[in-house]
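Here is the structure we will look at, set down as structure tokens.
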Amino acid sequence: MPNSVQGFTAILVCLTLLPCGTLAAAVPVQVNPKLKIVVVEGEGAIHRVGGSARAIEIRVEDENGRPVPGAVVGFQVPPTGASGKFGGESAIDVTSDAMGRATASLEPNAVAGEFEILVTVSTAEESAKAVIVQRNEAAPPPLSPGAPPVRKKGSSKWIVLLAVAAGAVGGGIAAAGGGGGGGGAAPPGGGPPPTATPTPTIRIGTGTVAGP
């Protein structure tokens, strides 16, 4: 009996020394599963840093998929790092309409990276929450002044080679035409007639450029 009394006394002392909220904090808080948040627009959205605002829209439904009007919907973004602002604020509360929809406009800040938007919904009896993930990305750098225009690979080479080939063909024709003044007649003295200059042929890859 003395041992039992001592044990009971020890239990009373431990309970007395515990903080008032210790036992209550150990009980998990259950969120009512009957309230659902459906993301209509905004999940996975990519913003240009410092760009224009974009809409985020959710729909509040009950367990049967029916819209829940009049619910208080909160949108909240991180205060630092990659994030944005709702009209200059990091958090905003709106009320769902007759179709259960709630919308907020988010303007991205100038920090690149991924961030999360916390969405909370509450009614007189129920509450729920969800997370929307978005990203800020830097705009591509502009082309520097005086930069050469982008050309298709190999196009300049073919143009240059064809121009050279055409020039060579023209030179050969001119040489052939001016070699003998009489259209190929034998020169005075009975010598042999002049030999015509052969037309050059230039092969480029699998194609061939030749004179007429």
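A short reminder: the numbers here are calculations on the coordinates, not readings from a lab. Computed from a predicted structure; not experimentally measured. Positions of Cβ are generated from backbone atoms using ideal geometry, with glycine treated the same way; all protein chains shown enter the neighbour counts.
Structure above, values below:
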| quantity | calculated |
| --- | --- |
| Fewest-first ranking of Ser83, Ser105, using other Cβ atoms within 10 Å as the exposure measure | Ser105, Ser83 |
| Inter-label distance, nm, simple model (7 Å from Cα along the C-beta direction), Ala138/Gln76 | 3.1 nm |
| Label-zone membership for segment 81-108, site Val49, 7 angstrom Cα→C-beta point, backbone N under 15 Å | 81-84, 108 |
| Set of aspartates and glutamates with alpha-carbon distance to Lys129 below 19 Å, sequence-local pairs under 8 removed | Glu41, Glu43, Glu57, Glu61, Asp62, Glu63, Asp93, Asp97, Glu116 |
| Glu125/Val39 FRET efficiency (R0 25 Å; Cβ-Cβ; nearest 0.05) | 0.65 |
| Gyration tensor over alpha-carbon atoms, segment 30-137, equivalent ellipsoid semi-axes in Å | 26, 12, 12 |
